[in-house]
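A short write-up of the structure that comes next.
Derivation of every value follows stated rules applied to the coordinates shown; laboratory data play no part. Given the structure is predicted, the values throughout are model-derived calculations rather than measurements. Using ideal geometry, Cβ is built from the backbone for each residue, glycine included, and neighbour counts are taken over all protein chains shown.
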Amino acid sequence: MIAAIPVITVDGPSGVGKGTTASLLSNHLGWHLLDSGAIYRSLALKVLKTDSEISDVIKLVELAERLDLNFKSVIGEPTLVYLDGECVNQELRTESCGSIASIIASIPEVRAALLQRQIQFRQAPGLVADGRDMGTVVFTDAQIKFYLTASPQERAKRRHKQLKNKGIDANIRALEKEIGARDARDSNRKVSPLVPADDAIIIDTSDLSIDEVFRFCIDIIGKAGIKANLNR
Ligand code: DC
């Protein structure tokens, strides 16, 4: 039997550092990276650009199936996301895109339409996948499943700092409220809710630096006998 291509999943709510952790792990291992949130965000952007109704499930599924989406990644550099041939990294990160992504991600038909796209990222020598349901639905047989958490206050603080660095003045209380609303929607939806897999390793990152989280993960990966791909 051919051994399955290895996968490490990094799930959790927004603002826990899972994107950065997943990216550092994929660089370290020389593996591919899947930012599944970027797929939901890209569909949200397409919805915005086409003025589509988020209640029109048939239209949403059609957009999801036809989504002209490409990822360009170079190890050590941020992944570039192209929607309809245009780089959309900046647009994907807006609060409105995140909120619409969270709303449309609660529709089972939309999730089903985007599933195969995510599975296709599983390519040799391995994949690090970040999202909400990577370990519970998309890659249930992953070798290691990490689930990152942090208090809503800490996550709002981090988001505030990120926005400030971009010159955007945001209200920290409003951010906390928005994070709470998104958590509730992602956790309480009927399909693929945000929950740790039974076999996930849970890491509370509230009082940890990114480097500490990374070292903790690397230690576990090393103990599991997973080695970095040196042929790159
Ligand atoms: O990780 P993110 O903030 O970029 O994700 C944006 C939204 O997409 C998130 O609020 C919920 C949805 N999402 C999802 O439902 N399942 C995933 N695997 C990834 C993201």
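Figures for the structure shown
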quantity: Subset of K59/K164; K49/K145; K59/K161; K46/K166; K59/K166; K161/K223 violating a 27 Å alpha-carbon distance limit; calculated: K59/K164; K49/K145; K59/K161; K59/K166; K161/K223
quantity: Percent of Cα-Cα distances greater than 26 Å, calculated over the chain; calculated: 36
quantity: Simple label model, 7 Å out from Cα along Cβ direction - N229 to A181, nm; calculated: 4.1
quantity: Mean residue ellipticity (222 nm) of the chain, computed from DSSP H runs ≥ 4 via -39,500 (n - 2.57), nearest 500; calculated: -14500 deg cm²/dmol
quantity: Virtual spin-label span in nm between H28 and R66, 7 Å along Cα→Cβ; calculated: 4.3
quantity: FRET E, pair E95, D56, Förster distance 25 Å, beta-carbon r, rounded to 0.05; calculated: 0.65
quantity: Spin-label model distance (nm) - Q120 vs I210, 7 Å beyond Cα toward Cβ; calculated: 2.9
quantity: Built amide H within the under 5 Å cut-off of I203, gap 5+; calculated: Y147, L148, T149
quantity: Of S102, I172, Q118, farthest towards positive along the dipole that unit charges on Lys, Arg, Asp, Glu beta carbons give the chain; calculated: I172
quantity: Net +/- balance of residues flanking K59 in space, Cβ distance below 14 Å, scoring K and R +1, D and E -1; calculated: -3
quantity: Rounded Å value of the spacing that divides the Cα centres of segment 13-61 and segment 71-125; calculated: 3
quantity: Under 5 Å, built H, 5+ apart or other chain: amide partners of V7; calculated: L127, Q143, I144
quantity: Prolate/oblate/rounded call for segment 43-171, Cα gyration tensor, a/c under 1.5 rounded; calculated: rounded
quantity: Charge dipole (debye, nearest 20) of the chain; +1 at Cβ of Lys and Arg, -1 at Cβ of Asp and Glu; calculated: 280
